[in-house]
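> Please read through the structure below; I'll follow up with questions.
Each value in this text was obtained by applying a stated rule to the coordinates, not by laboratory testing. The model shown is predicted, which means the values in this text are computed figures rather than measured ones. So basically every Cβ, Gly included, is an ideal-geometry build from the backbone, and we count neighbours across all protein chains shown.
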Amino acid sequence: MQVIPLQAIPSQTFTVQLAQQTCTMWLRQIETGTYLDLTVNGAPVVTGKRVHDRCRIVRRPHLPFVGDLAMVDTQGADEPDHAGLGDRWVLMYLEAADL
């Protein structure tokens, strides 16, 4: 497992290398929750996926992404809030061996 660094802001776009994959993510919080878009090597994998505590985000082995992602509340089991991103809520990359 690997922690992906986040900022405590309501909307952020970032690129990270995960298992030799160039991953671009857009994480944003709106009134109804926190959502994530994921592209791998420029191809969309997940768009508009609602993020919940400890729930895998990709969950589809046929998609062009090795591994999975999950948001984890380090102080309980609440839904993510942008004010605690990177501290209370961490985005984890789960390698294929972790699944």
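> Is there a residue being out of contact with any Asp or Glu (no Cβ under 9 Å at 6 or more places or on another chain) and among the acidic types (D, E) anywhere in segment 29-45?
yes
> Another question, if that's okay. Show the residue pairs that are 6+ apart or on different chains and have beta-carbon atoms under 8 Å apart, the first residue being within segment 75-99 and basic (K, R), the second being part of a loop (DSSP other than H, G, I, E, B) and exposed (fewer than 12 other Cβ atoms within 10 Å of the Cβ).
Here the result reads R88/T74; R88/Q75, each pair linking segment 75-99 to a residue that is part of a loop (DSSP other than H, G, I, E, B) and exposed (fewer than 12 other Cβ atoms within 10 Å of the Cβ).
> Sticking with this structure for a sec: Read through the list (1) at negative phi; (2) surrounded by 13 or more Cβ atoms within 10 Å (Cβ to Cβ); (3) out of contact with any Phe, Trp or Tyr (no Cβ under 7 Å at 6 or more places or on another chain), then give the number of the only condition that L18 fails.
The failed condition is (3).
> Being farther than 17 Å from M92 by Cβ, in contact (Cβ under 8 Å) with a residue 60 or more places away in the chain and surrounded by fewer than 17 Cβ atoms within 10 Å (Cβ to Cβ) narrows it down to one of I30, I9, so name that one.
Going through I30, I9 in turn, just one is farther than 17 Å from M92 by Cβ, in contact (Cβ under 8 Å) with a residue 60 or more places away in the chain and surrounded by fewer than 17 Cβ atoms within 10 Å (Cβ to Cβ): I9.
> Step by step: first the residues of segment 35-78, then only those that are among the small types (G, A, S) and assigned to a strand (DSSP E or B), then the one that is surrounded by the most Cβ atoms within 10 Å (Cβ to Cβ). Which residue is that?
Of everything passing the filter in segment 35-78, A70 is surrounded by the most Cβ atoms within 10 Å (Cβ to Cβ).
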